[in-house]
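Just so you know, all these numbers are worked out from the coordinates, no wet-lab data involved. Predicted model only: the values in this text are computed from it and were never measured. Neighbour counts are summed over all protein chains in view; Cβ atoms, including those assigned to glycine, are modelled from backbone coordinates with ideal geometry.
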Amino acid sequence: MMVNELLLGHVLLTTAGYVGLIASNVYVLFLSRSRDPHVIRVGLTAWHHSSQVFGPFLLVGVFFGFGLASAMHVSLGSFWLVTTYILIVAAIAVQASVMIPWQLRSNPMLEAGIVPRMTPVVLVLIVLCVFYTSILWLMLARPG
């Protein structure tokens, strides 16, 4: 593959992955405002399915990034690139470690008509947005 194709694939897939994950969390957060357990449960199901799509987009985009770095003769050990790896892994870890347990705890509550606290969703949204913005900045500025 040529550099332009790798760049296009990397940008499109990683952006689709991050934006999709962020959007699905925003969707659940907005649905929670209804305070209707059934509506929130439908949102959680949609969140789960969208995560299964957008998570792999992000992963494949990262692999395109490795190919791009190699094609552009950028050291995979560059400070800015290693920092992006850390942020990507941390974002995925936060998404998985917070949202999955929250969903598992929330399902029985929703079945009982109790609306769970939405704080974990807000936390994940903040982390994803900050990390995504930081990664974009690192990719454009390439500090250090």
Determine the pairs where a residue that is aliphatic (A, V, I, L, M), located within segment 115-143, has a partner that is surrounded by fewer than 12 Cβ atoms within 10 Å (Cβ to Cβ) with Cβ atoms under 8 Å apart, the partner being 6 or more residues away or on another chain. Val115/Arg35
Filtering segment 14-52 for residues that are part of a helix (DSSP H, G or I) and under 19 Å from Leu110 (Cα atoms) leaves a count of 22
Of all residues being among the β-branched types (Val, Ile, Thr) and surrounded by fewer than 13 Cβ atoms within 10 Å (Cβ to Cβ) in segment 87-123, which is farthest from the chain's Cα centre (by Cα)? Just the residue, please. Ile114
